[in-house]
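Trainee: Quick one: structure below, then a few questions.
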Amino acid sequence: MSPSGGVTRNTLRQQIADALRDEVLAGRLPPGREFTVKQIAEQYGVSATPVREALFDLSAQGLLASDQHRGFQVREFTVADFRAMAEARALVVEGLFRNPAERVAVRPEGLASIRRRAAEAVRAAKGGDLDVLIGYDLRFWRELGQFVLNPYVTDFLTRLRVQAWVFAVHRLRRDGMDEDVLWFGHEDLVEAIARGDHEQVHAAMHSYYAHALAWADRLEARAAGGDAPGPPVPPVPPEPGQPGEFGASGHSPEAPRAPGHCA
């Protein structure tokens, strides 16, 4: 992450924001973790200005909370927050497909890549591979969002998706994963979109949201009953060569490595 002479401040700002987002999604920066601009700047060996800008960017995306005196903190999302995310996403997506000709433009040349993301996400979900699942899942939804004609809607849905993963990741690492938690419908959804089958799109999305809300119900029931959590999943160790626990993940484009639940 050390800047070179040819790296602009905006590029460095984005690199730092991306690296810290990876750390949050990997669970290495857990909810409630506090840090300051000075700590992050020293960790990466850069000046405070691009770090401050990156942290404010992540705050604007809802991933961090900021305090004038205490610095920044990884946001702690509640089950109620997660329910609200699922409801907001459902309302927006259902609206998009209520009159898709005006709001969605499916480009056949873009489907091949999305199908690959879908297949890899399903494989990771069925295999319980928390490290790989979230990377392919986020790429799947981000590329699918490129068919939406309104870029503000696309950006909103992407932010909701990342926030849902921030809610989910530490719970999945704590409790483990099984078929009651993970959703495997990526391939069904993309094929329904490719066919222009709006009823099947609605059915796939309904399954997706029902799955997320059922998980929220179980989390609330367990919290109310005081049940003991399931066996923990070992934390992801930093990649070799990372600059400490705030290090960038350095994941390759075709094998994204970050954790997840199809939340």
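The values are calculated or read from the model by the stated rules, or taken from the named source; none is laboratory data. It should be emphasised that the depicted structure is a prediction, and the values quoted were computed from it without experimental measurement. Reconstructed Cβ throughout: ideal geometry from the backbone, glycine too, with neighbour counts over all protein chains shown. Note: areas computed on protein heavy atoms with side chains; ligands, DNA, RNA excluded. Shrake-Rupley method; radii C 1.70, N 1.55, O 1.52, S 1.80 Å.
Trainee: Got a sec to turn the phi values of segment 204-212 into Karplus ³J(HN,Hα) couplings, 6.51 cos²θ - 1.76 cosθ + 1.60 with θ = phi - 60°, whole Hz, x for Gly and Pro?
Mentor: In residue order, the calculated couplings are 5, 5, 4, 4, 4, 6, 4, 5, 5 Hz.
Trainee: Also: Just the number, please: carbon plus sulfur as a percent of the accessible area of segment 1-124, 1.4 Å probe, no ligands or DNA/RNA counted. Walk me through the intermediate numbers first.
Mentor: Numbers: 3030 of 6280 Å².
Within segment 1-124, the accessible surface is 48 percent carbon and sulfur.
Trainee: Between ASP217 and GLN68, what's the calculated FRET efficiency when r is the beta-carbon distance and R0 is 30 Å? Round to 0.05. Present the calculation step by step, with values, prior to reporting the outcome.
Mentor: Details: r = 38 Å, r/R0 = 1.26.
Computed FRET efficiency for ASP217 and GLN68 comes out at 0.20.
Trainee: Please calculate how many Å² of accessible area segment 8-151 carries per residue, with a 1.4 Å probe and no DNA, RNA or ligand atoms counted. Mind dumping the intermediate values first?
Mentor: On the way: 6870 Å² over 144 residues.
That works out to 48 Å² for each residue.
Trainee: Also: How do 195-204, 39-48 rank on mean C-beta neighbours within 10 Å, highest first? All intermediate terms of the calculation are to be shown ahead of the outcome.
Mentor: Details: 195-204: 14.8, 39-48: 16.8.
Put in order of decreasing packing, that is 39-48, 195-204.
Trainee: Quick check on packing: order 104-112, 85-93, 12-20 by the mean number of other C-beta atoms within 10 Å, highest mean leading. Kindly include the intermediate steps, with their values, before the conclusion.
Mentor: Numbers: 104-112: 12.1, 85-93: 16.6, 12-20: 20.6.
Averaged packing, sorted descending, gives the order 12-20, 85-93, 104-112.
Trainee: Among PHE156, PHE97, TYR44, flag the residue with its Cα farthest along the positive direction of the charge dipole of segment 1-160, charges on Cβ as +1 for Lys/Arg and -1 for Asp/Glu.
Mentor: PHE97
Trainee: Something else: According to the square roots a ≥ b ≥ c of the eigenvalues of the Cα gyration tensor, what is the shape class of segment 9-96, taking rounded for a/c under 1.5, prolate for a/b larger than b/c otherwise, and oblate for the remainder?
Mentor: Working: a/c = 2.47, a/b = 1.79, b/c = 1.38.
Note, shape of segment 9-96 comes out prolate.
Trainee: Determine the shape class of segment 85-129: with a ≥ b ≥ c the square roots of the Cα gyration tensor eigenvalues, call it rounded for a/c under 1.5, and otherwise prolate if a/b is greater than b/c, oblate otherwise.
Mentor: Numbers: a/c = 4.80, a/b = 1.39, b/c = 3.46.
Because a/c hits 1.5 or more and a/b fails to exceed b/c, segment 85-129 counts as oblate.
Trainee: Under 5 Å between amide hydrogens, which residues at least 5 positions from VAL104 or on another chain qualify, with H placed 1.01 Å from N in the peptide plane?
Mentor: Residues meeting the criterion, in which the H sits 1.01 Å from N, are LEU149.
Trainee: With the other protein chains left in place, how much accessible area per residue, in square angstrom, belongs to segment 155-227 at a 1.4 angstrom probe? Show your work: numbers first, answer last.
Mentor: Values: 3340 Å² over 73 residues.
Value for segment 155-227: 46 Å² per residue.
Trainee: Provide the net charge surrounding ALA118, with neighbours chosen by a C-beta distance below 12 Å and charges set as Lys +1, Arg +1, Asp -1, Glu -1.
Mentor: -1
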